[in-house]
Amino acid sequence: MSNCSYLFDLFPVEIIHMIFDYLSICDILHGFFNLSSYIDSIIFNYNFTKINFRSILKYDFDLICENINPKQMISLILSDGIDTPNQSDLFLSLFKVEEFYLSLHCLVLEDINDESMEIIVNHLNQFHNLSSLTIINNNLSPLSILKPLFCRLIRLNISCEWFFHNLTLMKELKHLKLFNQCTLNQFENIIHHTPNLISLNICLERDHIEKIQIINCNLTRLVLNMSSSQMNMNYMKDFLSCFPCLIYFEIECRSDLDLCDGYEWERFLLEKLFYLKIFYFKFQLRSTVILNTIAIQNILQSYSTSYWLNEKQWFIAIEWNQRLIYSIPRFSCESADSTFRPPFHCTISDNSIFYNHINALALWEETRNRFVNVKELWLIDDPLRINLENIIDLNQIQRLIFVSSKSELSIETLINLINKMTNLNFIQFNNIPLSFYEYKQNIQIQQIHSIEILKEFKSFSLIETLNKIFPQLQRLQIKIQTYEDIEKILKIFSKSLSIVRFYCDTSNILINKKFIQNILNHSNFTFAIDNNSIRLWIGLNKVSNQLYLKEKKTTGCFSWSYLRKSILKR
């Protein structure tokens, strides 16, 4: 550790900042904090542009809040989501909103409870440097107080229905994403109130008799979801003629057959949208449209000109049984199983583009195909029946799911699989394998941090074995029957678990904060009770927190291989 500290002490501040730019705040604090007074001084003066509290472990949340000054927080994501109940309440108890008036440039509020949302919203106009705001909360009440803020925002993502009825002139706004559906009149109103908008992502519903009014707009990027609306070519031409500066255009909609004419699109795009570089579409044909072999061949031929294949390199596929015509690989399947076959009708000859787009794969038998980018693997029945290494890149797998209801998976098979999957961190069991009863070896698997068990476990000895095999579990989802199950499970895992979800009939289980506090022997946690689950977000007590930090330091110097991976991901 001393050699590592000495090495970093030789680096100028600019180099340390460059390294930090490629890392998350948790990586920085775990890898560099307390290395030396020189490194600590750099950390305490560094502006963190990506503080993301979404689904964060409670002890990492505490570590950040205890060591980072609000003036260093440039970008912040707060979330009262499934994994982090009542996070916003806790955050507001630790910091005063006024402390962020000058520092915060980007703020994301996800599923924040009404009380916290009201507190934050009432202060938003005082965030003088805030230029990017995301609010995902459909229950937010109409607030005219936000209008002055909207006038100076550059980026806005919002899911509030009242936004459409409280528009004000937003001259600074460049990027807008709306999660709620809007009408054509609301869409036109938005365009008129955002004269400098260049990027728009919107869900649009259109009445058949409505036509867009002539508008002048400098949009360069438009993402349009009209999956509930029927479109034809004439309407689409009228609509897109209002946006002559488009460089990126993406659309999903139900369509008439004429909208699938590649020749007509080519003529229109060359005449009206000659700046367009990226064009993605997904057309769902009406059920009354007849797609026979001749019609399919005509469509394919219309997208097989030099313009489509050579100049633009825009490729399409047709799935006639689902009445779909779509751009590839943008709208290609992302999940598949052993029987997967690429679309038979497409304008590209290399089928590897379809296999490479699959990130979730379910296997129950051998296949000759190879899927190199699978991140989530579903195994049905006995995995020994399949030569996985011939089908997937095992080092890519992050999530492993055992689908079979059988409980015959041997520990040896499981360990062999995990050893081949260097990036695996999540496992889902239907049942805990019965072979766990026979576990005698002292084998520990450190890399697995998250486990989900779908069915009720049969014995607490299985839970204890689970804890022995996977001693670094941070996240657990499990089905229970009584509150006694909660107590026993938490006592087994309490040293490492941070995010826990107990699935149960909550009407039959009565617990309170004192009950959980007695189990954990500390009060550093939050919890929430829903109709079908009890969710816990657990931190460490002060003594355990110090040991946790010391353990992080004694594991060795910062991993340069991890840094390299972070840079390559960028």
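The values are calculated or read from the model by the stated rules, or taken from the named source; none is laboratory data. This structure is a prediction, so every number in the text was calculated from the model and none was measured. In this analysis, Cβ positions are derived from the backbone assuming ideal geometry, glycine residues included, and neighbour counts consider all displayed protein chains. These accessible areas exclude ligands, DNA and RNA; they are computed on the full protein's heavy atoms, side chains included. Shrake-Rupley method; radii C 1.70, N 1.55, O 1.52, S 1.80 Å.
With a cut-off of 14 Å on the backbone N, the residues of segment 63-78 near the modelled label site 7 Å out from N129 along Cα-Cβ are 69-76. If you look at the Cα atoms of segment 497-540, you get an Rg and a Dmax of 10.2, 29 Å. Stokes-Einstein, applied to the Kirkwood radius of segment 1-46 over Cα pairs at a viscosity of 1.567 mPa s and 4 °C, places its translational diffusion at 123 µm² s⁻¹. Taking square-rooted eigenvalues a ≥ b ≥ c of the alpha carbon gyration tensor, is segment 262-314 rounded, prolate or oblate, where a/c under 1.5 means rounded and, failing that, a/b exceeding b/c means prolate? Prolate, because a/c is 1.5 or more and a/b exceeds b/c. Dipole of the chain (Lys/Arg Cβ +1, Asp/Glu Cβ -1, origin at the Cα centre): which of L222, I25, F527 lies farthest to the positive side? Result: I25, furthest along the dipole toward the positive end. Dividing the mean sequence gap of close Cα pairs (under 8 Å, 6+ apart) by how many residues the chain holds gives a relative contact order of 9 percent.
Distance between the modelled labels on I215 and F11, one decimal in nanometres: 4.8 nm (7 Å Cα→Cβ projection). Computed from label points 7 Å out along Cα-Cβ, the spacing between S241 and Q517 is 7.0 nm. Percent of accessible area on the chain owned by carbon and sulfur, 1.4 Å probe? The computed percentage sits at 49. Separation of segment 400-463 from segment 282-302 is 47 Å, based on Cα centroids. Antiparallel beta bridges, as assigned by DSSP with both residues in segment 220-331, represent about 35 percent of the total such bridges.
With protein chains left intact and a 1.4 Å probe, residues in segment 220-331 average 45 Å² of accessible area per residue. Averaging Cα coordinates gives a centre for segment 214-259 and one for segment 44-115; these two points are 38 Å apart. Scalar couplings 3J(HN,Hα) for segment 281-291, obtained by applying the Karplus form with A = 6.51, B = -1.76, C = 1.60 to θ = phi - 60°, are 9, 9, 10, 9, 6, 4, 5, 7, 6, 9, 10 Hz; x denotes Gly and Pro.
Using R₀ = 51 Å, calculate the FRET efficiency as 1/(1 + (r/R₀)^6) where r is the Cβ-Cβ separation of S287 and S36; round to 0.05. Between S287 and S36 the formula returns 0.15.
Averaging 1/r across all pairs of distinct Cα atoms in segment 106-155 and inverting the result yields a Kirkwood radius of 11.2 Å. Over segment 326-366, the fraction of Cα-Cα pairs per 5 Å bin, rounded to whole percents and listed from the shortest bin up, is 6, 22, 34, 22, 11, 5, 0.
Under Stokes-Einstein, with the Kirkwood radius over Cα pairs as Rh, the value for segment 1-103 at 25 °C and 0.890 mPa s is 168 µm²/s. A Förster radius of 30 Å, combined with the Cβ-Cβ distance separating Y483 from E412, puts the computed FRET efficiency at roughly 0.25. Distances between every pair of Cα atoms in segment 390-480, grouped in 10 Å steps from 0 to the bin holding the largest one, split as 16, 55, 27, 3 percent. Pull out a ≥ b ≥ c, the square roots of the eigenvalues of the alpha-carbon gyration tensor of segment 82-186, then state rounded if a/c is under 1.5, prolate if not and a/b is larger than b/c, and oblate in the remaining case. Cα axes put segment 82-186 in the oblate bin.
Extension gain, N201 to N373, is 59.2 nm, computed as 0.36 nm per intervening residue step minus the present C-alpha separation. For the residue pairs K272/K312; K58/K420; K211/K237; K50/K171; K455/K488; K468/K495, the C-alpha atoms sit more than 20 angstrom apart in K58/K420; K50/K171. Stokes-Einstein diffusion for the chain, with the hydrodynamic radius set to the Kirkwood value over Cα pairs and evaluated at 37 °C in a medium of 0.692 mPa s, equals 120 µm²/s. Using only alpha carbons, segment 208-288 has a radius of gyration to Kirkwood radius ratio (Rg to Rh) of 0.94.
Taking all protein chains together and a 1.4 Å probe, the residues Y437, Y303, Y355, Y38 rank Y437, Y38, Y355, Y303 from largest to smallest accessible area. Values of log10 I(q)/I(0) for segment 322-405 across q = 0.22, 0.23 Å⁻¹ run -1.04, -1.11, by the Debye formula with one identical scatterer at each alpha carbon and no solvent. The amide H of S229, built 1.01 Å from its N in the peptide plane, has R254 as neighbours under 5 Å, considering only residues 5 or more places off or on other chains.
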